[in-house]
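See below for the structure under consideration.
The values are calculated or read from the model by the stated rules, or taken from the named source; none is laboratory data. All values reported here derive from a predicted model rather than from experimental measurement. Because the Cβ atoms are built from the backbone with ideal geometry, glycine has one as well, and the counts that use them run over all protein chains shown.
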């Protein structure tokens, strides 16, 4: 699966915008359906349903979104704000602040992406991941012959070069 993520990260912005549009549309669909149930279930149940149906979709493969501009992430933040309004039983036009997200113990989407990226890199550095996942990350060292010392000082990690077509094998 992570090979697919690396492949997605290298595609054009059009594909990333399409991915983001599909996720946003699906999340808003679920929020509309859950809004119909809001008065029939408790706030805790609403929160669990929103977490499982909406936030899980925002979090899925969001490590791919780490390199995208804020304009691509903004619709996902809008989804999360709408989900917070639903759980907190606020009006549709109510402004959601970070305090409201803090009350729900939710990170804003930008920070969810950063957290997931950091957790992923921790798994790689602690060698708690599969070997093919660890092979996707190349660490710079100060005595690297192929990269300048200035580059390694600015970027601790580099994306390894690989052939995307080699990721697909007929042996599977």
Checking the structure you have, find out if any residue of segment 52-72 is in a helix (DSSP H, G or I), out of contact with any strand residue (DSSP E or B) (no Cβ under 8 Å at 6 or more places or on another chain), farther than 27 Å from residue 136 by Cα and at pLDDT below 95.
yes
From the list 4, 41, which residue is surrounded by 11 or more Cβ atoms within 10 Å (Cβ to Cβ) and at pLDDT 90 or above?
41
Inside segment 108-155, counting only helices (runs of 4 or more DSSP H) that do not spill past its ends, which hold 2 or more residues that are at pLDDT 85 or above?
109-125
